[in-house]
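Worksheet: one structure, shown below.
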Amino acid sequence: LEVKPSCWHADFQIDPGPRVTIADISIKLTGAAQNDAELQQLRSNLLSASGQPLRHDHYETMKSRISALAMARGYLNGDFVEKKLLIDTRQNKAYISLVFDAHERMRFGEVKVIQDDLNPDIVNKFITFKSNDFYSSDALAKTHNALSNSGYFEVVDIRPDTQTSNQTSVPVTVNLF
């Protein structure tokens, strides 16, 4: 440690020791996600990290990818009920255990279109989902793109109401100007 009138300067020598590797990954999906092919595919891909060096940012990304895909596929009430990262310092091994309870997959509820310019039958041709279809952020994005690219509207505002409590479906309001 060097102390100078204007500031201090410290030099450190760090021995990081041997690298920790991931010995085992356990990812369990419960609720309706047990039978969701896309979430199961993601689970399989994430399990392949076993044997790799442990990086905490990769562990955080793993959790984020599960949450993001679940949300995009309509598991809006899903959450982790277990998130464990255990390190065996003697063996330099890491053990990851994640349990994601997806609950039920939401469906689209009432689709309300607010616009004054076109016949409702024409507008409905651009909407790529119907009431009772499984909720999907991809379907919302496709509808937004279709309406935006139609040339009929300057503003396309699609709002799913995901905040209503005790819901099993998500009402959607489409505002077109």
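By per-residue mean of other Cβ atoms within 10 Å, what is the highest-first order of 55-61, 170-176, 141-147?
Numbers: 55-61: 12.4, 170-176: 18.6, 141-147: 16.1.
Highest to lowest by the protection proxy: 170-176, 141-147, 55-61.
Note on the stretch 1-143: with charges restricted to the Cβ of Lys and Arg (+1) and Asp and Glu (-1), its dipole about the Cα centre is near 340 debye. Rounded to the nearest 10 degrees, the angle from helix 56-72 to the longest Cα principal axis of the chain is 10 degrees.
Computed from Cα positions, the angle between helix 37-47 and the longest principal axis of the chain comes to roughly 10 degrees. For the chain, the solvent-accessible area works out to 65 Å² per residue, with a probe of 1.4 Å and every protein chain left in place.
Which whole-number percent gives the relative contact order of the stretch 7-114, counting Cα pairs below 8 Å spaced six or more residues apart? Averaging sequence separation for qualifying contacts and normalising by length gives 37 percent for the stretch 7-114.
Would you work out which of Ile14, Thr61, Phe134 lies farthest towards the positive end of the dipole of the chain, given +1 charges on the beta-carbon of Lys and Arg and -1 on that of Asp and Glu, about the Cα centre? Toward the positive end, the furthest listed residue is Ile14.
The values are calculated or read from the model by the stated rules, or taken from the named source; none is laboratory data. Since the structure is predicted, the reported quantities are computational estimates derived from the model, not experimental observations. Here Cβ is always computed from backbone atoms with ideal geometry, including for glycine, and neighbour counts include all displayed protein chains. To get the accessible areas, we keep the full protein, side chains included, count just its heavy atoms, and leave off ligands, DNA and RNA. Shrake-Rupley method; radii C 1.70, N 1.55, O 1.52, S 1.80 Å.
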